[in-house]
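The values are calculated or read from the model by the stated rules, or taken from the named source; none is laboratory data. Remember, predicted model here, so these are calculated numbers, not experimental data. Ideal geometry is used to build each Cβ from the backbone, glycine not excepted, and the neighbour counts take in all protein chains shown.
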Amino acid sequence: MDHSSAPVLEALVAYHEEGQLAFTPPGHKQGLGADPRIRAVLGDDVFRSDVLAISGLDDRTSSKGVLAKAQALMADAVGAQHTFFSTCGSSLSVKAAMLSVARPHEKLLVGRDAHKSVVSGLVLAGIVPVWVDPQWDAERHLAHPPNADAFRAALREHPDARGALVTTPTPYGTCSDLAAIAATCHEHGVPLVVDEAWGAHLPFHPDLPTWAMDAGADVCVTSVHKMGSGLEQGSVFHLQGDLIEPEVLKSREDLLGTTSPSVLVYAALDGWRRQMVEHGRALYDDALSLASTLRERIEKIDGVHVHGRDDFCGPGRAADFDPLQLIVDVSPLGTTGYRVADWIRGHHRINLHLSDHRRTSAQLTHADDADSAQALVTALRDVVEHVDDLRPAARVEVPDPTSLRLEQVMLPRDAFFGTVEQVPWQKAAGRVSAEMLTPYPPGIPAALPGERLNAEVLHYLRSGVEAGMVVPDAADTQVRTVRVIAES
């Protein structure tokens, strides 16, 4: 296929050159009706290219096939059979994939380190989750994705499961052995869905972890806005094999997706695919080289440690690791990742990625360069110089894996929509959660609707909030009270 073509971008150029006049949404009419104060901030071109996909970019019947051509080019670029664009982020895409595999009241194997969007899919669809436990690094208090043996055992115990879902890479950059998990699923005749939201870049360089389609997965969901050049909410999901019909996947996306997709998001997805096909190898040569050098420089800073393959990969841990995720352990400094991230933002105007009780992280992409790398090193050195300002840090009471793993006693859907009450957190132990309690980022719920709460998880969340953890989806974001199923 001709990857120098970008059908969405070319259609936008044609729209402007033809001087089309719209009596359709959007109501700002290419910015003519937009408040000049908004245009002064966003720019005229944003509004100028914010047009309808149908009766705008394409005609009423989509006879030019603009979007279809762009999706076909994306599929060809990464070796998938079918690709679908989403302007509602991977939070929608992963729900569409789940609903394509399992129907209400059917079982789906799900890694318990799944993102909150997966749990939302369970709630919406009424799917029965069979939780597959991650691999727990007790030394570093960190979960890595479940391995193939865990999925194999779950399939033996639940032969009626309709499929499996695994998240890889994690926000910490750790990866599953996807080929082994896919083979395990296919031995049982069921599809594997991969939430690869953090892996948009993986198909474009051989030194990055193997991406889902090459590993044999059936559906892969990718957030191009995370590690690629897409606009926020830009997501794609890919399909291969014959275990899921493309018509079914598309119908589920239609069910959940917006009827007013953003051409701006489509155009960025289309242009990113062309950029990666033409220049991706060279761009990631540079990015990986920069990451390697930056790791060495940060490692030389007293009191911090950059996690790498030796820390995260091996028996009982992850199968692979994305080196573009710089996970910095600050625990030797006697402070938390929360405090370090906030201090760096306040003093250096640098926004770090995810933070927890002992780590903070920086996400590198092909967009970074020597200047951004130097800014990060300078900020971390400055943290060490001013670490007394960050001590003492409040202690987060992290439970052991057995206490962190709660018992699922109700379907997530039934609990979420059940009769509920709000109780003080001290009295919530033994009660069934009716909400997600999710440290964010990374957005992996500590408690789900339908799980029975225990004292250890409640202390973890409360101590975490006191130390700087953010739990934004709780009814009480300070977790002083908890939403639970009402007792009869």
Count - residues of the range 424-453 that are among the hydrophobic types (A, V, I, L, M, F, W, C) and either assigned to a loop (DSSP other than H, G, I, E, B) or in the same structural domain as SER90 (by TED's automatic domain parsing) (or both): 8
Close pairs from the range 454-477: first under 15 Å from VAL340 (Cα atoms) and assigned by TED's automatic domain parsing to the domain that holds GLU407, partner outside any loop (DSSP other than H, G, I, E, B) and modelled with pLDDT of 95 or more, Cβ under 7 Å, at least 6 apart: ALA467/TYR338; GLY468/TYR338; GLY468/ARG339; GLY468/ASP342; MET469/TYR338
Hits in the range 287-323 (condition: assigned to a helix (DSSP H, G or I), touching a residue at least 24 places away in the same chain (Cβ under 8 Å) and exposed (fewer than 14 other Cβ atoms within 10 Å of the Cβ)): SER292, THR293
Complete set of residues in the range 475-488 that are modelled with pLDDT of 95 or more and in a loop (DSSP other than H, G, I, E, B): ALA475, ASP476, THR477, GLN478, VAL479, ARG480, ALA486
The range 408-423 residues that are outside the structural domain of ALA434 (by TED's automatic domain parsing), paired with ones that are at pLDDT below 95 (beta carbon under 6 Å, 6 or more apart): none
Flag if LEU326 is without any contact (Cβ under 8 Å) to a residue 60 or more places away in the chain, outside the structural domain of PRO134 (by TED's automatic domain parsing) and either of a type in the set (S, T, N, Q) or crowded, with 16+ Cβ neighbours inside 10 Å (or both): yes
Selection from the range 437-454 of residues that are touching a Lys or Arg at 6+ places or on another chain (Cβ under 7 Å) and crowded, with 24+ Cβ neighbours inside 10 Å: PRO445
Condition met for ARG156 (part of a loop (DSSP other than H, G, I, E, B), basic (Lys, Arg) and either on the phi > 0 side of the Ramachandran plot or not assigned by TED's automatic domain parsing to the domain that holds GLY316 (or both)): no
Extreme residue, nearest to the chain's Cα centre (by Cα), among residues of the range 216-245 that are over 14 Å from VAL101 (Cα atoms) and either of a type in the set (D, E, K, R) or surrounded by fewer than 22 Cβ atoms within 10 Å (Cβ to Cβ) (or both): LYS226
The listed residue being out of contact with any Gly (no Cβ under 6 Å at 6 or more places or on another chain) and surrounded by fewer than 20 Cβ atoms within 10 Å (Cβ to Cβ), out of GLY89, GLY111, GLY79: GLY79
Given (1) touching a residue at least 60 places away in the same chain (Cβ under 8 Å); (2) in a helix (DSSP H, G or I); (3) of a type outside the set (Asp, Glu); (4) under 26 Å from GLN233 (Cβ atoms), number of the condition HIS353 does not satisfy: (2)
Criterion (at pLDDT below 95 and among the small types (Gly, Ala, Ser)) met by exactly one of GLY228, GLY234, GLY257, GLY241: GLY257
Within the range 99-126, tally of residues that are closer than 20 Å to ALA153 by Cα and touching a Leu at 6+ places or on another chain (Cβ under 8 Å): 7
